[in-house]
Amino acid sequence: MGVETQKEISVHIAEGYLPPLHAAAWTIAAAPFVVHGVRQISREVRRDPRSKLLLAASGAFTFVLSAIKLPSVTGSCSHPTGTGLGAVLFRPPAMALLGSIVLLFQALLLAHGGITTLGANTFSMAIVGPWVGYGAFVLSRRLRAPFAVQVFLAMTLSDWATYVTTSFQLALAHPDVNGGFAASLVRFLGIFAVTQVPLAIAEGLLGVLMFRVLGKIAPDELRSLGLGAALPAEPTAPTGLAVPGGPAGGTVDLAGGPDGSAAVTRTAEAGEVE
Amino acid sequence: MKRRVSTNLVLVLAIIALVAVPLVVYGSSASFKGSDDQGSSTVHAVDPHYKVWFHPLFEPSSSEVESGLFALQAGGGGVILGFVLGRLSARRRKDTTPTSTPGATP
């Protein structure tokens, strides 16, 4: 009967577990976001070719975390999503594309998720997750929370929102024979959402750690993305809180960092771009 | 620098604790069945007449192969991450080295 009794879905809904109508509907819903993501990433790479590295990191982060199953306090195990990192760095549209690539890979090679459910899974993990995470990030920034808290909330909530959305999708497609959609929703939430809480928290902490590392080794790139707030406190730094603006990105200040040479050598680096 | 390192260490330990505690608390008594598995079985419980209408085109032939592929995915992603972090770090070091400042007189 195949590998296991049930196909172990790595990311949410297994192949064939959404009826054709739902599968098609979610695919149609997800498609424009992915297209937008392609456009946004190309724009970003054109704006600053150096951001290719961080883009790769965002994708790789999701790639790795989606593959790791971790035990949870409820006695089952699940896996984090990692989409919060890319959502904060490049804003959610980029994650629509990166996330869908990860999902496609897993559907094809690992029989996790599925082709029919790719749309639905993209919608939950690569669209809703990142948007909720990014929303939490922006909101907590407006509330003047420390940057670490902003990141933590972004990572944790994007993880959790992904699974809540999955529960919603499943309940919509499989209403309980007695209790209908609501009963189904409660049931699915019970499996996913609770299990996910400690993992989402762990992911939040991991995101904080990642940004600490990135703040140390990629301050210019972060500033270029409008995330100067991520950097260790500098007495002279002006608005590290520039809102990542429109398509052109939040290119802000090249104010002298901890060492003045950082800004000066940027133009000299142009030829080095890979 | 010391405070940075120790804070990072605390973060790492906290992450490990969150993951390790369930293992320790439950020991071998919990099956730690994947929550996605539970998702599939719940679909059947809630919607008994549902027929799975499409199956994966490729399925790993055994759970070992599957674990191997997962490991490959995690490893591959790890390589990319490591490469990126190394590259960024080298770039940073290059940026902050005094000799790279144009027009610097010796």
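The values are calculated or read from the model by the stated rules, or taken from the named source; none is laboratory data. Note that the structure is predicted; figures quoted are calculated from it, not measured. Here Cβ is always computed from backbone atoms with ideal geometry, including for glycine, and neighbour counts include all displayed protein chains. Only protein heavy atoms, including side chains, enter the accessible area calculation; ligands, DNA and RNA are left aside. Shrake-Rupley method; radii C 1.70, N 1.55, O 1.52, S 1.80 Å.
Take B:89-98, A:215-224 and order them by the average number of nearby Cβ atoms within 10 Å per residue, most first; the result is A:215-224, B:89-98.
If I model segment A:28-176 as equal point scatterers sitting on the Cα atoms and use the Debye formula, what is log10 I(q)/I(0) at q = 0.14, 0.15, 0.20 Å⁻¹? Each listed q maps to, in turn, -0.66, -0.76, -1.28. Rounded to the nearest 10 square angstrom, B:Trp53 shows an accessible area of 100 square angstrom against a 1.4 Å probe.
When the accessible areas of A alone and B alone are added and the area of the pair subtracted, with a 1.4 Å probe, the result is around 6800 Å², both sides summed.
Largest accessible area first, the residues A:His12, B:His44 order themselves as B:His44, A:His12 under a 1.4 Å probe with ligands, DNA and RNA left out.
Inside 10 Å of the C-beta atoms of A:83-93, what's the mean count of C-beta atoms belonging to other chains?
On the way: counts 0, 0, 0, 0, 0, 0, 0, 0, 0, 0, 0.
Across A:83-93, the average partner-chain Cβ count within 10 Å equals 0.
Applying the Karplus relation 6.51 cos²θ - 1.76 cosθ + 1.60 with θ = phi - 60° to segment B:67-72 yields 3J(HN,Hα) values of 4, x, 5, 4, 4, 4 Hz, where x marks Gly and Pro.
Inter-chain neighbour count for A:34-43: the average number of beta-carbon atoms from partner chains within 10 Å of each residue's beta-carbon is 0.
Taking all protein chains together, A:Tyr17, B:Tyr50 sort by accessible area into B:Tyr50, A:Tyr17, largest first [probe 1.4 Å]. Phi angles of segment A:14-21 translate, via the Karplus equation with coefficients 6.51, -1.76, 1.60 and θ = phi - 60°, into HN-Hα couplings of 6, 3, x, 8, 10, x, x, 4 Hz per residue; Gly and Pro are given as x. In terms of its C-alpha gyration tensor, segment A:8-70 comes out oblate, because a/c is 1.5 or above while a/b does not outweigh b/c.
Suppose all protein chains stay in the model; what accessible area per residue would a 1.4 Å probe give for segment A:1-157, in Å²?
Each residue of segment A:1-157 exposes 33 Å² on average to a 1.4 Å probe.
Per residue of peptide B:8-21, the mean number of Cβ atoms on other chains within 10 Å of the residue Cβ is 5.
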